[in-house]
Every structure is written in structure tokens, then in C-alpha cells.
């Protein structure tokens, strides 16, 4: 593994902004769940009181962060970003729709 500067959008690239955004996204999901549970509990819709839900805020934040890092690792190690010719099948494999021929 090596650390170096990459072009924006490179498979496997990790940025501070992207990593923080993943953590914030995970915490937003956890916060939405927490608010829903609190509101349902307050209205008596759950029937019984639930255990404390605040640890899920930490868990969902970590899940967003770790999921982002796993995605970057898989992108850096397994995803191909280029064109190559498959002569037996007569196919040009491209990296995206904009490169299609």
C-alpha cells in the first residue's frame, strides 16, 4: 500500500472530505432512527419502553466510516478502470458509459 495524490474520481482514492461525508451520512441515518424511536415511544406506539438507543448513533457513524473505507479498498484492489480488447469475443470493455463505443 502506498500513499500518493490521485485524480479526483480514481478508484480506491480516499479523501478527508469523502471520509467525513461517510461518517456524517452514517450519523444522519442513526439520528433519523433515534428520532423515530423517541417519537413512537412518546406516542405510546411501541407498547413498551425500549432500551437506550443513543449507542446506535455511534454505531451508524462507525458503519458509514468503515463501509466507505472498505469500498475504497475494494475499488483500489479489484476494480479495473480502463479499456481493453477481448479479441475472442470481439468486445471493447470500457470503464464507463461515456467511454462506450
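Descriptive notes on the structure:
- Among residues of region 57-93 being part of a helix (DSSP H, G or I) and either touching a strand residue (DSSP E or B) at 6+ places or on another chain (Cβ under 6 Å) or farther than 18 Å from residue 20 by Cα (or both), the one that is modelled with the highest pLDDT is 74.
- Residue selection: residue 14 satisfies the criterion of being touching a helix residue (DSSP H, G or I) at 6+ places or on another chain (Cβ under 7 Å), assigned to a loop (DSSP other than H, G, I, E, B), at pLDDT 80 or above and surrounded by 14 or more Cβ atoms within 10 Å (Cβ to Cβ).
- Condition check for residue 31: surrounded by 12 or more Cβ atoms within 10 Å (Cβ to Cβ), over 13 Å from the mean Cα position of the chain (by Cα), closer than 18 Å to residue 79 by Cα and free of Cβ contacts under 8 Å to residues at least 40 places away in the same chain: no
The values are calculated or read from the model by the stated rules, or taken from the named source; none is laboratory data. All figures in this text were calculated on a predicted structure; none of them were measured in a lab. Neighbour counts run over all protein chains shown; Cβ positions are idealised from the backbone, glycine included.
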